[in-house]
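S.K.: Below is one structure. I have some questions about it.
The values are calculated or read from the model by the stated rules, or taken from the named source; none is laboratory data. The structure displayed is predicted, hence computed values, not measured ones. Cβ sites come from the backbone with ideal geometry, for glycine too, and all protein chains shown count toward neighbours. All accessible areas refer to the heavy atoms of the entire protein, side chains included, with ligands and DNA or RNA removed. Shrake-Rupley method; radii C 1.70, N 1.55, O 1.52, S 1.80 Å.
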Amino acid sequence: MTNMDNMDNTIGRSTVSRRTFLVGAGASGLIFGFAAYDGIQLADAATAKTFAPNLWFSMDAAGKTVIRIDKAEMGQHVGTALAQILADELEVEWSDVSISHIGFDPEVGLHVTGGSWSVNWTFDRMSRAGAAGRIALIEAAAKKWGVPASQLSAKNSVISGPGGKTMSYGELVATGVPPKAFSEEEMKAITLKAAGERRYIGKSLPALDIPAKTNGTAGFAIDVMLDGMVHATPATPPVRYGAKVKSVDDSAAKNIKGYLTHVVMEDSTGSQTGWVMAVANSYWTARKAAMALKIDWDLGPNANVSTQTINDESMRLIDDTSHASTFLKEGDAEAAIDSAKVKHEAVYTTTLNVHAPLEPLNATVEIKDGVYHIHTGNQFQSLAMDLVPAALGVEPEKVVLHQKFLGGGFGRRLEADYLIMAALTAKAVGKPVKMIYSREVDTEFDFTRPMTTMRVIAGSDGKMLTGWKHKAASAWPTARQAPAFLGEDVEGDQKFDPFQINGSDHWYTIANQLVLTEMNKIAQSATPSGQLRSVAPAWTFWAVESMIDEMAHKLGVDPLALRLQLLDGKGKNAGTGATANGAKRLANVLQKVADKAGYGKSMPKNTGIGLACVTSQERASAAWTATAANVTVNPADGSFTVNRLTVGSDLGTLINPNAVEAQVQGATLWGLSLATLEEVELRDGRLQASNFDTYTPCRMEHAPDLDVILIETGQYPVGCGEPAVTSVAPAIANAVFAASGARVRSLPITAEKVKAAL
């Protein structure tokens with residue numbers, strides 16, 4: 001298995017990653033951030049303005065504190081959680097706290113929001129930033145009063161000293177705070193609050209971004225208006241990827257009042273191909289013009305590719321493992337399976353799925369003094385700020401990103417294509433441009449969740465599982481999007497996409513395991529895939545948890561009992577550090593969920609309960625999650641009803657319990673949607689869905705009763721926005737089997753598939 005701990009550090013997970021931290025007085029009051037270079041002259045820090053421009057917080061003479069958030073806000077209220085972490089250690093009055101979102105600055109480190117990493121990656125950093133600020137304030141007050149700092153304390157933005165002396169943070173900042181530097185070692189040495197001393201962490205405080213979102217003042221990218229702005233929207237080819245523009249006839253478009261011009265997109269990064277941008281005085285005029293353009297395309301190499309083409313290739317790849325990358329190898333899985341008393345084999349598949357965020361992709365670009373100012377909402381600014389300058393042929397400092405709220409992301413806004421399209425159009429027309437994808441373009445040219453095909457073979461001596469082999473084939477989004485993040489396989493001779501196979505390194509104790517993965521190159525070309533909410537664990541655990549259930553029935557044992565037996569916490573599954581007691585924590589959550597759901601009790605006819613337990617996302621940031629699905633099946637036609645989903649999560653420390661519960665609920669419904677409804681076919685190189693009339697996500701009528709169990713252990717916090725997604729599908733499939741005996745191994749689970757399996 002690749003060393004995911006090292007990979008996490010590579011992409012920003014290290015707790016303290018800069019040379020010198022500095023608290024001092026700046027133009028706006030107290031500021032905290034990174035010193036710009038080693039050997040900084042602290043006495044000159046304020047006047048020299050040598051701080052990085054994006055700092056973790058600032059405080060003015062009124063005591064008002066602005067906490068800088070480098071994570072994208074797309075409805076999850078992440079800024080509030082991160083502000084709670086910092087404010088708790090800073091001991092600032094919550095009513096004095098506000099947040100601002102950082103656009104992009106390389107000094108901050110990796111800008112990415114995804115993988116349920118936000119709190120997990122930043123908890124330590126934000127805690128220490130707040131604590132360092134409190135220490136600097138207390139030491140400044142001690143110096144002014146001429147008393148030891150040890151005699152002072154801070155609470156609610158007020159410093160208290162001997163003899164009843166008090167001074168507010170604002171008063172102290174107004175009189176000046178001497179700069180104080182903290183080395184990395186000093187930052188690491190700060191003693192943070194014990195759980196019982198925290199005042200904001202663990203409290204369900206109202207989200208700080210809600211007032212602006214409800215009164216209409218929140219800044220979404222689609223609301224940006226600039227003087228002299230024109231509008232653009234793309235005309236797209238009849239295939240998802242690989243087309244080229246041969247010629248454009250805009251004679252019909254010229255008859256549309258307000259039409260200005262068209263631009264053939266020449267994107268050297270290859271984010272999209274064969275696009276022509278229609279430019280007009282309004283969006284609707286641009287859209288009419290785009291539909292009026294007569295374009296002759298070379299459809300390229302993918303014009304005959306279909307869903308079946310991709311499935312056939314994936315089956316070929318899992319039959320032939322000679323070129324596969326080895327993700328995990330422990331013991332001799334093949335020998336153990338060959339000699340097993342009981343063995344079982346199954347193939348599990350998933351289909352293409354789209355993101356469909358409610359705010360269509362858009363970006364507004366203005367060029368001022370040769371600098372491209374991009375107003376948008378993006379989840380992966382670090383990637384975008386590499387690709388956009390490359391597409392424009394300019395130096396990185398010639399591009400500035402102004403980050404806005406995201407009207408939904410789910411992984412789609414990890415991509416930079418819409419920024420590139422807008423920037424290239426602005427470059428061509430020489431005017432500010434607002435570029436919007438229509439809903440149809442947003443859907444048909446999505447970077448989809450990849451189709452996956454997985455074969456799992458398990459063996460047992462009749463008591464324990466002794467061998468496990470898991471082989472997967474799919475497109476590899478990371479190879480297309482960010483190849484620097486590809487991992488090195490166990491054999492050390494091949495690269496692979498860890499974000500397409502993680503989760504298969506589950507926490508069950510099985511002595512002999514082999515996990516192989518291979519890129520489906522046909523899918524890679526015809527359906528350039530991206531990261532969709534929950535990423536690989538949504539299909540790897542679909543296979544793992546279905547197979548565990550199947551093996552339990554094959555062995556004649558209860559599926560819950562088998563899972564608990566395998567979650568013994570031995571060897572690597574004991575976990576370390578933040579994942580200590582890992583398998584046992586998962587077993588605890590599973591048992592609580594089973595009990596709450598009434599697992600093992602008498603059920604009505606044709607009704608069953610299925611279980612699944614997962615550790616999404618990666619092992620290094622595992623969130624211990626289990627689901628019990630209560631399902632009723634109609635054996636006459638295979639139709640089924642999901643009556644109730646009981647979901648439990650052990651997330652360590654809950655920063656904002658209400659927000660966590662909302663995220664788990666949303667993740668559960670998203671998982672239900674993927675499990676039972678969402679599917680899009682590829683035919684002749686084109687996705688056969690264009691809007692919500694042809695692509696059906698979960699709606700109110702589909703929502704079952706939900707029970708959410710949140711377990712607070714006080715351990716290091718992990719993410720909550722995605723894990724529950726991954727446990728719903730296998731729980732429902734296992735429930736369908738418990739209710740009817742029908743085993744469905746392909747997503748989505750439909751009445752037709754259940755009927756066929758009966």
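S.K.: In nm, to one decimal, how far is the residue 703 label point from the residue 61 one, both placed 7 Å along Cα→Cβ?
M.R.: 5.0 nm
S.K.: Stretched out fully, how many nm does the piece from residue 595 to residue 439 gain, at 0.36 nm a residue minus the Cα gap?
M.R.: The residue 595-residue 439 span can extend by a further 51.8 nm.
S.K.: In whole percent, how big is the carbon plus sulfur part of the accessible area of segment 192-281, probe 1.4 Å, protein atoms only?
M.R.: Roughly 52 percent, rounded to a whole number.
S.K.: Of the heavy-atom accessible surface of segment 545-677 (probe 1.4 angstrom), what whole percent is carbon and sulfur?
M.R.: Its accessible area is 51 percent carbon and sulfur atoms.
S.K.: Which of the DSSP-defined H helices in the chain satisfy a minimum axial length of 20 Å, computed from C-alpha atoms, and a minimum mean Kyte-Doolittle hydropathy of 1.0?
M.R.: The qualifying helices are 723-740.
S.K.: Next question, about the same structure. Please give the length that would be gained between residue 681 and residue 204 if that part of the chain were fully extended, namely 0.36 nm times their separation in residues minus their C-alpha to C-alpha distance (nm, one decimal).
M.R.: 167.5 nm
S.K.: Sorted by packing (mean other beta-carbon atoms within 10 Å per residue), highest first, where do 147-157, 467-477 land?
M.R.: 467-477, 147-157
S.K.: Ignoring any ligand, DNA or RNA, what whole percent of the accessible area of segment 388-524 comes from carbon and sulfur when the probe is 1.4 angstrom?
M.R.: 54 percent
S.K.: Let me ask something else. Accessible area per residue of the chain at 1.4 Å probe, in Å²?
M.R.: 36 Å²
S.K.: So which lysines pass the test for residue 288, namely a Cα distance under 20 Å, with those fewer than 8 places away in the same chain ruled out?
M.R.: 254, 257, 434
S.K.: Can I ask one more? For segment 171-248 and segment 524-591, what is the centre-to-centre distance using only Cα atoms, to the nearest Å?
M.R.: 33 Å
S.K.: Sort out for me the Cα centre separation of segment 626-652 from segment 277-337, rounded to whole Å.
M.R.: 32 Å
S.K.: For residue 345 and residue 249 in the same chain, what is the full-extension length gain: residue separation times 0.36 nm, less their Cα-Cα distance, in nm?
M.R.: 29.0 nm
S.K.: Another question, if that's okay. So I have [x] 1.11; [y] 1.29; [z] 1.00, and one of them is Cα Rg over 2.2 N^0.38 Å calculated from this model. Which one is it?
M.R.: Only one listed value fits the structure, namely [z].
S.K.: May I ask for the net charge around residue 652, where only other residues with Cβ less than 13 Å from the Cβ of residue 652 are counted and Lys, Arg are +1 while Asp, Glu are -1?
M.R.: It works out to a net charge of -2.
S.K.: Take peptides 448-459, 651-662, 314-325 and line them up by average Cβ neighbours within 10 Å, highest first, as a rough protection proxy.
M.R.: In descending order of packing, they fall as 448-459, 651-662, 314-325.
S.K.: Something else now. Describe numerically, in nm with one decimal, the distance between label points set 7 Å from Cα along Cα→Cβ at residue 155 and at residue 488.
M.R.: 5.3 nm
S.K.: What FRET efficiency do you get for residue 215 and residue 194 if R0 is 30 Å and r is their Cβ-Cβ distance, rounded to the nearest 0.05?
M.R.: According to the calculation, E is roughly 0.20.
S.K.: Just how large is the dipole of segment 433-530 about the Cα centre, in debye to the nearest 20, putting +1 at every Lys and Arg Cβ and -1 at every Asp and Glu Cβ?
M.R.: Computed about the Cα centre, the dipole is about 200 debye.
S.K.: Largest first, what is the accessible-area ranking of 89, 491 with a 1.4 Å probe?
M.R.: 491, 89
S.K.: Next question. What number comes out for the charge environment of residue 247, summing +1 per Lys or Arg and -1 per Asp or Glu over other residues with Cβ under 15 Å away?
M.R.: Around residue 247, the surrounding residues sum to -2.
S.K.: Just by accessible area at a 1.4 angstrom probe, what is the order of 298, 707, 595 from largest to smallest?
M.R.: 595, 298, 707
S.K.: Highest first, please rank the peptides 239-248, 209-218 by the mean number of other Cβ atoms sitting within 10 Å of their residues.
M.R.: The densest-packed peptide leads the list: 239-248, 209-218.
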